[in-house]
1. Residue check: is VAL201 of a type in the set (A, V, I, L, M, F, W, C) and touching a residue at least 60 places away in the same chain (Cβ under 8 Å)?
2. Given the conditions (1) assigned to a helix (DSSP H, G or I); (2) surrounded by 15 or more Cβ atoms within 10 Å (Cβ to Cβ), report the number of the one that LYS186 does not fulfil.
3. For segment 221-248, enumerate the residues that are without any contact (Cβ under 8 Å) to a residue 60 or more places away in the chain, touching a Lys or Arg at 6+ places or on another chain (Cβ under 7 Å) and not hydrophobic (A, V, I, L, M, F, W, C).
4. Looking for something surrounded by fewer than 17 Cβ atoms within 10 Å (Cβ to Cβ), farther than 30 Å from VAL201 by Cα and modelled with pLDDT under 70 - is there at least one such residue anywhere in segment 324-342?
5. Taking interchain pairs and intrachain pairs at least six residues apart, which have beta carbon atoms under 6 angstrom, with the first residue in segment 1-19 and in the same structural domain as ILE38 (by TED's automatic domain parsing) and the second exposed (fewer than 15 other Cβ atoms within 10 Å of the Cβ) and of a type in the set (D, E, K, R)?
6. Assigned to a helix (DSSP H, G or I) and more than 30 Å from GLU181 (Cβ to Cβ) - does that describe any residue in segment 108-115?
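The values are calculated or read from the model by the stated rules, or taken from the named source; none is laboratory data. The shown structure was predicted, so the numbers you read here are calculated from the model rather than taken from an experiment. Positions of Cβ are backbone-derived with ideal geometry, glycine not excepted, and every protein chain shown enters the neighbour counts.
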Amino acid sequence: MSLKRKELEVLKLINSGKTVDEILFQMKTSERNLRYIIDNLNFYLKKILKNEIEKDKKRLLINLNENEIKYFYKEIYKNYYTLEQEERAEFILMTFLFVKDVRLSFIEKKLEITRATLKKDIEFLNGILKKYSLKLESEKNRFSIVGNEKKLRHLKALKYLEYIDLEITFLDKEYIFQNIEVDTLKSLRKIILEIEKKSSVEFKDDFIKLMEIFLYVSLERVKENHIIDRKINYKFLVNTPHYEIVKNSLRDYFNKELSYELVHITEYFISGGVTENIGELKESIEKYLDGLMITLKKILKQYLDYKELSSKLMGYLIPAIYRLKNNFSIKESGEKDEIFNLVLNYSKEEKYLPEKLTENEIMYISKEVKASIDREKNKVISLKTILDIVEKNSEKVDKERLIKELLKVYGKVIKKDL
């Protein structure tokens, strides 16, 4: 006998004071199944906390404080928890991201599953990784995650941030993060704070955490001889004062020959510290957007509030060029439709931006264009205002005046077909 995620979720709901009906609705379960869950929970609550859920007609009663909940979860995860396939796949992913020289036989033992089940879990995991151009595969009987190196690096950083501060998780964090060099992370944090001070900016705490692990996985990549050796906006960035600060601050980790690496890192620091528009960059983006709006008008041949759309995209593209928030992501882009291809083709040919936009950024722009189209289509026309305009012209219809007033109020949504 053991507990699963669903049963622990039921315990949370009971402890928060939800009624039986609310729990049945939220968990999409039957009364009979809920009774079984309660009996199972009570077995472990008595065993671990010497406490139990009391049953009432409409309520299930238990009052656990935060410390009791934490202790109960830790004991359950450590000794009495059954992982579901999704959780096993997550454990396998985290293991191959962070633990060195892992053998499948060890994972089988750790998860207490058969080789056949493990193969199914790997197949399930690869279905998820495929979306990010990654795959768990074997070479000479050794498994590793391969594919798009940049997305792999970002995935590792994001997963570290997701779990490192969690007190309660089904993952064995001590095992998963056993190879993380804590002293190196602390040293990198000092360097980030040094760069913050020298740059006269203020980094947010989330950014500092993100850069700690980003620098850490970048160092791992360089040690494995996966080195960046080209960058489109290299000449622009290498001449910024930010580059000199980053280069000098990281001299003990990245030698000056790794200038493309240092430029890449500089780009991320700029994204976290620059809060005012960079004049040269803003001018380039304005030219890009002017050309895009002309292209949209020519091809779409319909009314849009191009000023509003352009303003919104300007707010997105300024930080997007120095792209920590937009590019530090492994999320899927979305559907590549006619609007996406229109923006993509224009963006390939434009010559204003210091660096070409990524597919995710093009997808974002195309979604904003579609949202703008939808807004125009769904604008509500006031019946009262129309009647007021008609009434003013009802005694003696002045067609030209009526058209003029209607166009003045509703010009954006009226087809001019007269």
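1. Details: of a type in the set (A, V, I, L, M, F, W, C): yes; touching a residue at least 60 places away in the same chain (Cβ under 8 Å): yes.
So VAL201 passes the test.
2. Unmet for LYS186, out of (1) assigned to a helix (DSSP H, G or I); (2) surrounded by 15 or more Cβ atoms within 10 Å (Cβ to Cβ): (2).
3. LYS247 - this is the single residue of segment 221-248 that is without any contact (Cβ under 8 Å) to a residue 60 or more places away in the chain, touching a Lys or Arg at 6+ places or on another chain (Cβ under 7 Å) and not hydrophobic (A, V, I, L, M, F, W, C).
4. yes
5. Correct list of pairs: THR19/LYS58.
6. Going residue by residue through segment 108-115, those that are assigned to a helix (DSSP H, G or I) are 108-111, 115.
Now restrict to residues that are more than 30 Å from GLU181 (Cβ to Cβ): 115.
Yes, because at least one residue in segment 108-115 is assigned to a helix (DSSP H, G or I) and more than 30 Å from GLU181 (Cβ to Cβ).
Yes/no matrix, rows are residues, columns are (1) crowded, with 16+ Cβ neighbours inside 10 Å; (2) more than 24 Å from SER105 (Cα to Cα); (3) touching a residue at least 60 places away in the same chain (Cβ under 8 Å):
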| position | (1), (2), (3) |
| --- | --- |
| LEU125 | yes, no, no |
| GLU149 | no, yes, yes |
| ALA157 | yes, yes, yes |
| TYR160 | yes, yes, yes |
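Quick grid of which residues meet (1) over 14 Å from TYR80 (Cα atoms); (2) at pLDDT below 90:
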site: VAL10; (1), (2): yes, no
site: PHE25; (1), (2): yes, yes
site: GLU31; (1), (2): yes, yes
site: ASN42; (1), (2): no, no
